[in-house]
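**Q** Got a structure here, written out as structure tokens. Questions coming.
The values are calculated or read from the model by the stated rules, or taken from the named source; none is laboratory data. The structure displayed is predicted, hence computed values, not measured ones. With ideal geometry, Cβ positions are generated from the backbone for all residues, glycine too; neighbour counts draw on all protein chains shown.
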């Protein structure tokens, strides 16, 4: 069974749904990074410090987009109450023009 990026054969369906509810109740952040080429990257995470280190190649797991645009600086973040809310906000930010994203940062 594949669940939340973790391969596990031992979780039952009910255990998996409990895990999903617990992970969805965590605090999630929507963030914007300014890359070395001045482009902006938007993402979501539960741990901003770890995610930034991943994007900058200090830890395994950064996005392919940021691997060639390091260093990346955290320029904006906002707290969301669930993964679902964070993903919706991320999608709305990604639809914005770069000028609108720059306004959001200020």
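**Q** Could you tell me whether any residue of the range 11-18 is assigned to a loop (DSSP other than H, G, I, E, B), touching a strand residue (DSSP E or B) at 6+ places or on another chain (Cβ under 8 Å) and at pLDDT below 95? Explain how you work it out, then say what you get.
**A** Within the range 11-18, the first condition is being assigned to a loop (DSSP other than H, G, I, E, B), and the residues that meet it are 11-12.
Next, only the ones that are touching a strand residue (DSSP E or B) at 6+ places or on another chain (Cβ under 8 Å) stay: 11.
Going one step further and asking which of them are at pLDDT below 95, we end up with 11.
Checking the range 11-18: at least one residue is assigned to a loop (DSSP other than H, G, I, E, B), touching a strand residue (DSSP E or B) at 6+ places or on another chain (Cβ under 8 Å) and at pLDDT below 95.
**Q** Continuing with the same structure: Looking for whichever is over 16 Å from residue 94 (Cα atoms) and modelled with pLDDT of 95 or more here; the options are 52, 40, 32. Which one fits? Talk me through it step by step, then tell me what you get.
**A** Working: 40 fails: over 16 Å from residue 94 (Cα atoms); 32 fails: over 16 Å from residue 94 (Cα atoms).
Only one candidate qualifies: 52.
**Q** Based on what the data block shows, is residue 70 modelled with pLDDT under 95 and outside any helix (DSSP H, G or I)? Walk me through it before giving the result.
**A** Values: modelled with pLDDT under 95: no; outside any helix (DSSP H, G or I): yes.
Here the answer is no, as residue 70 does not meet what is asked.
**Q** Please find, among 58, 78, the residue that is in a loop (DSSP other than H, G, I, E, B), at pLDDT 95 or above and surrounded by fewer than 16 Cβ atoms within 10 Å (Cβ to Cβ).
**A** Values: 78 fails: in a loop (DSSP other than H, G, I, E, B).
After ruling out the rest, the residue left standing is 58.
**Q** Further, regarding this structure: With respect to residue 105, determine if the residue is at pLDDT 95 or above, crowded, with 17+ Cβ neighbours inside 10 Å, more than 14 Å from residue 27 (Cα to Cα) and touching a strand residue (DSSP E or B) at 6+ places or on another chain (Cβ under 8 Å).
**A** Answer is no for this residue.
**Q** Tally time: how many residues in the range 81-98 are in contact with a helix residue (DSSP H, G or I) (Cβ under 8 Å, 6 or more places away or on another chain), touching a residue at least 40 places away in the same chain (Cβ under 8 Å) and either surrounded by fewer than 15 Cβ atoms within 10 Å (Cβ to Cβ) or closer than 18 Å to residue 27 by Cα (or both)? Before you say what the answer is, go through the steps one by one.
**A** If we filter the range 81-98 for residues that are in contact with a helix residue (DSSP H, G or I) (Cβ under 8 Å, 6 or more places away or on another chain), which is where we start, we get 82-84, 93, 96.
If we keep only those that are touching a residue at least 40 places away in the same chain (Cβ under 8 Å) too, we end up with 82-84, 93.
Those left that are additionally either surrounded by fewer than 15 Cβ atoms within 10 Å (Cβ to Cβ) or closer than 18 Å to residue 27 by Cα (or both): 82-84.
Adding up the residues that qualify gives 3.
**Q** Starting from residues that are surrounded by fewer than 17 Cβ atoms within 10 Å (Cβ to Cβ) and in contact (Cβ under 8 Å) with a residue 12 or more places away in the chain, keep the ones in the range 27-40 and report whichever is nearest to residue 100 (Cα to Cα).
**A** We begin by selecting, within the range 27-40, every residue surrounded by fewer than 17 Cβ atoms within 10 Å (Cβ to Cβ); these are 27, 36-39.
If we keep only those that are in contact (Cβ under 8 Å) with a residue 12 or more places away in the chain as well, we get 27, 36-37, 39.
Values: 27: 25, 36: 20, 37: 18, 39: 13 Å.
Once the filter is applied, the top-ranked residue is 39.
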